[in-house]
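Visitor: Got a structure for you, written out below as structure tokens; questions coming shortly.
Just so it is clear, none of the values below were taken in a lab; they were calculated from the coordinates. The model shown is predicted, which means the values in this text are computed figures rather than measured ones. Glycine also receives a Cβ, built like all others from the backbone with ideal geometry; neighbour counts cover every protein chain displayed.
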Amino acid sequence: MKWDEFFVTGDPMIYGADVSIVLTMVGILFYLTKYNKWKWLWDEWLTTVDHKKLGIMYIVSAVLMLFRGGVDALLMRTQLAVPEAKFLDSQHYNEIFTTHGTIMIIFMAMPFLIGLINVVVPLQIGARDVAYPYLNAVSFWTFFIGAMLFNISFVIGGSPSAGWTSYMPLASNELSPGPGQNYYLLGLQIAGIGTLLTGINFLVTILKMRAPGMTLFRMPMFTWSSLVTMVIIIFAFPILTVALALMTFDRLFGSHFFTLQGAGMDMLWANLFWLWGHPEVYIVILPAFGMFSEIISTFSRKTLFGYKAMIWSMLLIAGYSFLVWVHHFFTMGSGALVNSVFSITTMAIGIPTGVKIFNWLFTMYRGKIQFTTPMLWSLGFIVNFVIGGVTGVMLAMAAADYQYHNTYFLVSHFHYVLIAGTVFACFAGLIYWYPKMFGYKLNERIGKWVFWVFTIGFNVCFFPQYFLGLDGMPRRVYTYSEESGWGPLNMVSTIGGFMMGIAFLILVYNMYYSFRYAKRETTGDAWDGRTLEWSTPTAMPPFYNFAKIPEVTGLDHFWRQKQAGKVEKLKAEDIKPIHMPSNSGVPFIMASFFFVAGFGMVFDWMWMAIAGIIGVFGTLFYRSFEYDDGYYVSVEEVIETEKISK
Amino acid sequence: MRRLKPFFTFGLLMAVFMLSGCSDMIVLDPKGPVGAEQRDLIMYSIWFMLFILLVVYALTAFIVYKYRDRKNHKGYDPDNEGSHLLETIWWIIPIIIVIALSIPTVKSIYSLEGPPEESKDQKPLVIHATSVNWKWVFSYPEQDIETVNYLHIPEDRPVLFKLTSADSMASFWVPQLGGQKYAMAGMETELYLQADEQGTYEGRNSNFTGEGFTNHTFDVMAMSDAEFEKWASETKAHAPELSKGQYDKLMLPGHVKEMTFSSTHLDWVDHATNAEYALDARERLGYEEKIPHSRAAKEEKKKREEEMKKLEESESESHGDSHAH
Amino acid sequence: MAHAETHDPNTPLEYRSETGRLNILGFWIFLGAEIALFATLFATYMVLEHRIADGPSPGELFEVKSLLIQTFLLLTSSFTCGLAVHEMRRQNVKGLITWMAITLGLGLGFLYFEIEEFLHFIHEGANIGTSAAWSGFFVLVGTHGAHVTFGIFWVTMVLIQVAKRGLTPATSAKVFITSLYWHFLDVVWIFIFTAVYLMGMVMHNG
């Protein structure tokens, strides 16, 4: 490896990025040192095992990644705004759409949702933390380190450029040499470990840690959606682990799973990738469905319509999610029978999804609808997601898909489901639970601006792309000719893209504005909510969540208590010492070793990789010998905390 | 409902867009039976989808308007939690829609596996299409000729494409003639297409294949049977033979101009059974793929851009007669 | 975190603490994920098995003797592991450690013969880069072997803890979980034995 291969050079944008990275780092170090925040950072954040703090860190990372992925998107839209633009060259463009896709799915959508799940689910089921708080910290830090490893690629070594699907043999050493593709493999692999652990952790949490009286069919819909999501994660992520490992072996150790030589099979990669990839789509959409269920019910001031149908449809979707992966490559020539079967299973997913849409609509029916910002996002979701849904059914029709495949029609479709579904949900959920995390609401007036600018921008950006697709514009081209006639619609699309960028900036401004000026909440029930997370006496729950574990008597227990005027007041004699887990720095250190190992593998420096792996095992064994059973919060401290907060 | 106005306006715009744009969009303007069948299926589904959108939007607008929170609010029923009748209805309706869409879909899937119905009794013209980063090699085994980056086909006769690739996974697509299919190394896939009208149609690889993907294109010229036969025999008689050395050079990643030969590479290699050939050829020529950001890669890129420029110049100079030889 | 202790004397020690119960359930779920992982590797091997390029086919090089020794060692180790847990239930620390040590010894024996077999294959000209089929073989069987290796280290750590601290709800839950892990590896081996070795040899010779 020579220096010119190590540092990415020659592009003013890259130098700009180099400078801003260094400046930000220096700024952070300076701030921490000057205000003596190192200890605070370590004690409160780096070593925390509190699900609420981990959730907040997930969300903060996801918002940063949304920024990164969004900048990628705007660079692409700028390049495509006019025909034969010279803004980006082909290689640079390829790197950008690869990182855009990977970051948005793996490092933005999933952590955003997992962050909200972290904050909300334990509170919703009346638990004091998750089943394995320590493991939860390991999950977060491996995700974070995986994301960082992937992100440094654009200044060190060069980013992957084979697409987020990384089809072989294009992604092989022979056609894409160098560290770029390795970053993809190792970044995803390390983050994937965290996701799998989250899956196990929250499945056990939801199954075993619910408050007394909360049977499965009394769980809030968001908790249900999280439960189903975790099951999908547990069975889907090992497939990704294997697929990534096999490609890593192909690239680093000369095996022949997917290569041109040695009778490797490129189609196997496509199959493995989508065997994980399609369930992954439902991993990022089901929690969104759950959030919309909560929000629509809260702001219609009405019970969710068809609670059981909502659950069964979700279980059906989860099952189907493993039976449709071939629709990502109907054009591979698998034969009429295979394509027919997968066409029908894919269309069949539309059935439970349609049922959900109608149930949401009828949750509002005979309700009292309040147009708060979370509710606006939910309504926007219904209106826009349906477009993504129906075009999804069109794509499922294999014979027609031969014409849509690899075009902007497809690009538009998946942005309509992923943005109108997942991103709208992330925004809605963030705003809805913001007071739970920070003790005040985001400003509603500015929030409505964000909603309208974003939603209109989103439609302006992606709706024309359906027509570009039907006009034969393939995805992933870095430019197009004047004669193609795709110029005007692309320009429109770019304008929409920048509107979404502006909306993001307004959102960030809103966070700042609300931090400065928002009225602080005085109760835990900012929206007149229905579920247990709103039942804590303080706006932000104390670190042990509930001084006394609530006893649940039915669905929407808290709401019914309020209706009956029977909200329990906490009495001092009810309080018992509370057992809590201790903080630990080991997860952070372990993740750091993962970084060392990952970086070593990326550059094929085996000594470094081995050192990192030894470090990882060292921390594992250290933890095994560490007998820390946590500690007890005394009754006095609980009374003190609860009183102060009154 | 004031708040939803933008959505309706937008819906209206979308409909206008759609109706006015239909005939212009090439996928909806097919020039052969395969594309036509797909166009019909697409339009059939679009009407369904517009109907679904209409129902959902009307219902949304009605409910959101009627049950918004206001003074003198009527009909509020906080415990209304379901209705077996309604829920049964919206389980059944999507099922019916899925069935209605599945039947024509499955029919089309099966019919597209073979030659078009209208020309079933004709013997299809067989063409081997091989993708090499970032060019297309077309072999006509019966005529024993080979072209690069352009195709001549007779009209009104089915063409059976036997697709394969020398390296990356590509997808062979001529939108106006019909849908695409993958071309993969060590594999052979088959695709029937047919042109009903004479003319030049754009074809391309639509599956991402790396740096030169954007210009991984070719032209398809559909002509009368007689013209095609004439072109084929003239090519056989006058075009140069394809040598192994020349073919090796085609295996290097890059763009080349249109070429014509009076023999095919099928004489010594079929990439459908030999996936390693292109890599071996690169090794024979001492070519090695560079790390994208390295100095070496930048130099190579510069070289490629110059070649591309020359190529475009020579194309525009010789345009018109380039297909004649 | 709730910390209810159960004191029903019939409850096995490892199930008596809330943490123990949660950890055991969580590990069962982890094994579910492991099944998905090995299923993917098996599927990969099945797809690639006949893609041997210019190299030998796996069935051609398999040897019955080594295979039977490995199988015997691993199956027996699963049995002795069961005995160890049985001793744990009887509160017999010494018995537990003895049987677990035998389990480890058998595991090491298994690894010895597996590595020897791998070296033999490499000597015969079949390594991970020979063909897709051999890549599939080495990664599937090697992943199992890596699991066994990790298991040996892990069980050793847990035994040290048992020796130092005696049998507590915490240590016994750890022993129980490692035993689940060990039995799981045994089950995976049965699949490897059948689907890779037996089928491979039958197809080659039959």
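Visitor: Expressed as a whole number of Å, what is the distance separating the alpha-carbon centroids of region C:178-195 and region C:28-83?
Guide: Going from one Cα centre to the other spans 9 Å.
Visitor: Now a separate question. Using modelled amide H (1.01 Å from N, peptide plane; none on Pro or chain starts), what sits under 5 Å from the amide H of A:ILE156, excluding residues fewer than 5 places away?
Guide: Residues meeting the criterion, in which the H sits 1.01 Å from N, are A:VAL8.
Visitor: Convert each backbone phi in region A:75-92 into a coupling constant with the Karplus relation 6.51 cos²θ - 1.76 cosθ + 1.60 (shift: θ = phi - 60°), then list the ³J(HN,Hα) values in order as whole Hz, x for Gly and Pro.
Guide: 4, 4, 5, 5, 4, 8, 4, 10, x, 6, 6, 10, 5, 10, 8, 4, 4, 5
Visitor: With N set to the residue count of region A:163-309, report its C-alpha Rg divided by 2.2 N^0.38 Å to two decimal places.
Guide: So region A:163-309 has a normalised radius of gyration of 1.35.
Visitor: List every residue whose amide H lies under 5 Å from the amide H of A:TYR480, counting only residues 5 or more places away in sequence or on a different chain, with H placed 1.01 Å from N in the peptide plane.
Guide: Residues meeting the amide H criterion: A:GLU84, A:ALA85.
Visitor: Mind checking the dipole of region A:420-519: about its Cα centre, +1 per Lys or Arg Cβ, -1 per Asp or Glu Cβ, Debye to the nearest 20?
Guide: For this selection, approximately 720 debye.
Visitor: Follow-up question, since we're still on this one. Place a label point 7 angstrom from the Cα of A:TYR517 along the Cα-to-Cβ direction, then list the residues of region A:441-474 whose backbone nitrogen is under 18 Å away.
Guide: Under 18 Å, as judged by backbone N against the label point of A:TYR517, lie A:441-451 of region A:441-474.
Visitor: Ordered by packing density, taken as the mean number of other Cβ atoms within 10 Å over each peptide's residues, highest first, how do A:444-455, B:94-105 rank?
Guide: Going by the mean number of other Cβ atoms within 10 Å, highest first, we get A:444-455, B:94-105.
Visitor: By how many degrees, 0 to 90 and rounded to 10, does the Cα axis of helix A:221-252 deviate from the longest principal axis of chain A?
Guide: Roughly 40 degrees between the two axes.
Visitor: If you don't mind, another one. Please quote Rg/Rh for region A:46-189 to two decimal places, taking the Kirkwood radius as Rh and restricting both calculations to Cα atoms.
Guide: 1.07
Visitor: Over chain B, what portion of Cα pair distances is larger than 33 Å, expressed as a whole percent?
Guide: Value for chain B: 43 percent of Cα pairs lie more than 33 Å apart.
Visitor: Evaluate the charge dipole of chain A about its Cα centre and quote only its size in Debye, nearest 20, assuming +1 on the Cβ of each Lys and Arg and -1 on the Cβ of each Asp and Glu.
Guide: Once rounded to the nearest 20, the dipole reads 2280 debye.
Visitor: Determine, from the Cβ-Cβ distance of C:MET46 and C:GLU116 and an R0 of 22 Å, the FRET efficiency 1/(1 + (r/R0)^6), rounded to the nearest 0.05.
Guide: The value I calculate is 0.30.
Visitor: May I pose another question? Using DSSP to call loops (not H, G, I, E or B), can you name the trypsin sites (Lys or Arg not before Pro) in region A:530-591 whose Cβ has at most 15 other Cβ atoms within 10 angstrom?
Guide: Filter output for region A:530-591: A:LYS548, A:LYS566, A:LYS569, A:LYS571.
Visitor: Mind checking the full-extension length gain between B:SER224 and B:ALA100? Use 0.36 nm per residue of separation minus the Cα-Cα distance, one decimal, nm.
Guide: 40.7 nm is the gain from fully extending B:SER224 to B:ALA100.
Visitor: Counting only DSSP beta bridges with both residues in the protein assembly as shown, tell me the antiparallel percent, nearest 5.
Guide: The antiparallel proportion sits near 75 percent.
Visitor: Residue by residue through region C:125-136, which ³J(HN,Hα) values in whole Hz follow from phi under the Karplus form 6.51 cos²θ - 1.76 cosθ + 1.60 (θ = phi - 60°), with glycine and proline marked x?
Guide: x, 10, 10, 4, x, 5, 6, 4, 4, 6, 4, x
Visitor: Shifting gears a bit: Can you give me the angle between helix A:487-517 and the longest principal axis of chain A, using Cα atoms only, in degrees from 0 to 90, rounded to the nearest 10?
Guide: The angle comes out near 30 degrees.
Visitor: Among A:ILE495, A:LEU379, A:PHE414, which residue has its Cα positioned farthest towards the positive end of the charge dipole of the protein assembly as shown, with +1 placed on the Cβ of Lys and Arg, -1 on the Cβ of Asp and Glu, and the dipole taken about the Cα centre?
Guide: Projecting each Cα onto the dipole axis, the largest value belongs to A:LEU379.
Visitor: Please give the Cα centre distance for region A:300-330 versus region A:272-297, rounded to the nearest Å.
Guide: First find each Cα centre; the distance between them is then 9 Å.
Visitor: When you take every Cα atom in the protein assembly as shown, what is the radius of gyration, and what is Dmax, the widest Cα pair distance, in Å?
Guide: Every Cα atom of the protein assembly as shown included, Rg and Dmax give 31.2, 104 Å.
Visitor: Which of the listed residues, C:MET88, C:PRO56, C:PHE38, is farthest toward the dipole's positive end in chain C, when Lys, Arg count +1 and Asp, Glu count -1 at the beta-carbon?
Guide: The Cα lying farthest towards the positive end belongs to C:MET88.
Visitor: Compare the peptides B:139-147, A:325-333, C:25-33 by average per-residue count of other Cβ atoms within 10 angstrom and give them in order, highest first.
Guide: A:325-333, B:139-147, C:25-33
Visitor: To the nearest whole number, what is the average tally of beta carbon atoms from other chains within 10 Å of the beta carbons of peptide B:27-38?
Guide: Taking all residues of B:27-38 together, the mean is 3.
Visitor: Placing +1 at every Lys and Arg Cβ and -1 at every Asp and Glu Cβ, with all other atoms neutral, what dipole size does region C:17-129 have around its Cα centre, in debye to the nearest 20?
Guide: Approximately 700 debye in magnitude.
Visitor: Here are some pairs, B:LYS181/B:LYS257; A:LYS548/A:LYS571; A:LYS52/A:LYS441; A:LYS2/B:LYS135; A:LYS441/A:LYS571; B:LYS249/B:LYS290; which of them have Cα atoms lying more than 21 Å apart in this structure?
Guide: B:LYS181/B:LYS257; A:LYS2/B:LYS135; A:LYS441/A:LYS571
Visitor: Looking only at other chains, what is the average number of their beta-carbon atoms within 10 angstrom of each beta-carbon in A:329-335?
Guide: 6
Visitor: What's the average, rounded to a whole number, of partner chain beta-carbon atoms within 10 Å of each residue's beta-carbon in C:36-42?
Guide: Mean partner-chain Cβ count within 10 Å for C:36-42: 6.
Visitor: 222 nm [θ] for the protein assembly as shown, helices only, -39500 (n - 2.57) per DSSP H run of 4+, per residue, to 500?
Guide: -20500 deg cm²/dmol
Visitor: Rounded to whole Å, give me the distance from the Cα center of region A:103-127 to that of region B:106-151.
Guide: Here the answer is 50 Å between Cα centres.
Visitor: From the phi of every residue in region B:49-63, what ³J(HN,Hα) in whole Hz does the Karplus formula 6.51 cos²θ - 1.76 cosθ + 1.60 yield, where θ is phi - 60° and glycine or proline is x?
Guide: 5, 5, 4, 4, 4, 4, 4, 5, 5, 4, 4, 4, 4, 4, 5
Visitor: For chain A, find the longest principal axis of its Cα atoms and tell me its angle to the long axis of helix A:266-300, 0 to 90°, nearest 10.
Guide: Helix A:266-300 sits roughly 40 degrees off the main axis of chain A.
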